[in-house]
1. Under 6 Å between Cβ atoms, which residue pairs at least 6 apart in sequence (or on different chains) link something in the range 239-261 that is surrounded by fewer than 17 Cβ atoms within 10 Å (Cβ to Cβ) and polar (S, T, N, Q) with a partner that is modelled with pLDDT of 95 or more and part of a strand (DSSP E or B)?
2. Regarding residue 100, is this residue closer than 30 Å to residue 227 by Cα and acidic (Asp, Glu)?
3. Provide a single number: the residues in the range 101-141 that are hydrophobic (A, V, I, L, M, F, W, C), farther than 18 Å from residue 90 by Cβ and under 14 Å from the mean Cα position of the chain (by Cα).
4. Residues being part of a strand (DSSP E or B) and out of contact with any Pro (no Cβ under 6 Å at 6 or more places or on another chain): count how many of those fall in the range 140-195.
5. Hey, can you tell me all the residues within the range 217-235 that are free of Cβ contacts under 8 Å to residues at least 60 places away in the same chain and surrounded by fewer than 17 Cβ atoms within 10 Å (Cβ to Cβ)?
6. Residues in the range 26-43: is at least one touching a Pro at 6+ places or on another chain (Cβ under 8 Å), in contact (Cβ under 8 Å) with a residue 60 or more places away in the chain and over 21 Å from residue 113 (Cβ atoms)?
7. Hey, can you tell me all the residues within the range 202-211 that are over 19 Å from residue 246 (Cβ atoms) and touching a Phe, Trp or Tyr at 6+ places or on another chain (Cβ under 9 Å)?
8. Within the range 220-242, is there a residue that is within 24 Å of residue 15 (Cβ to Cβ), modelled with pLDDT of 95 or more, part of a strand (DSSP E or B) and of a type outside the set (Val, Ile, Thr)?
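The values are calculated or read from the model by the stated rules, or taken from the named source; none is laboratory data. This is a predicted model, so every value here is computed, not measured. Don't worry about glycine lacking a Cβ; one is built from the backbone with ideal geometry, like all the others, and counts go over all protein chains shown.
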Amino acid sequence: MGIDNILIYHPESYHGEGKKNFFEGWYFKNTSSNGSYVFAIIPGISIGSDSHSFIQVIDNRGYSKYFRFEFSDFKFSNKPFWVKIKDNYFSLEKIKINLENFEGQLIFKGLKPWPVSIFSPGVMGPFGFLNFLECYHGILSFNHKVRGYLKVNGKEIDFNNGKGYIEKDWGISFPKSWIWSASNDFEKDESISISIATVPFFRNYFVGFIIGLYVRGKLYKFTTYNGSKIKNLEIFEDRIFLTVQKRKYKMNVEIIKSEGNILIAPRQGEMVERISESLNAKVKVKLYKGNELLFAGIGKNAGLEVVGNIIDDMKIRL
């Protein structure tokens, strides 16, 4: 049996069949052609005492809405992959939205996923093989082209020549503390995704991280499992400073915070936690190879979540 037939090698697929106390959500972030409108559209499923399907929508202008559906409204296919929630359709090629005062169709081309290989089933590397983690993560596209329109409260928004980013999470609960940020709105086609989180592991925990910078067709990976180290992490009221290193490669990141919207997150499969996510943050990045500057850029319209106290969990003194 090839890896094409094994679910673990398909982070895009639905992983919830037969599960209890389980959630799964796909995160489609789309930026309009002029960069002024950003929407994160998140279809998902919650399995527990209050099982249901949902679509969350937030934007960069203060809009946040949780559309609740019956559990039976959720339909899926893994080959080929698609998800339907009532009259709404989601795949890696397009999405069709038919919600109250929010509708349209967007088509995606040129997706750039985190690579999958036989020894590394996606962004989580070998940790993806473990079946007892509370949360799993996938990056389905760092950056891709978007075309189409969305109509919001009667206003048509042009997404032709826009940009898209797709990721997903599934499991039991989100971590007790994490930092997440992602931007694909650099000067060219660069993209960055940053996840730092407290990971329960047997009776203890560790702070794991997955950081990918996509530049000029190459993915620079800084992860817990490939020997990278967080050299510095400082969190202030208005910004975050991060330095991460993998042998001769070093990346300095400054994230400038902005006001966020309410997003509903899972705990024990139930969508009950309220967190804040911004779509207006900025990410300043410098990548070095030794003393040589390989890349410097600023990513706009960045998603940002800061939940809990990751510094305490890291037990490092800054």
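1. From the range 239-261, the pairs are 243/231; 243/232; 243/252; 258/278; 258/280; 258/281.
2. no
3. The total comes to 4.
4. 37
5. Across the range 217-235, the qualifying residues are 217, 218, 227, 229, 231.
6. No, that holds for no residue.
7. 202
8. yes
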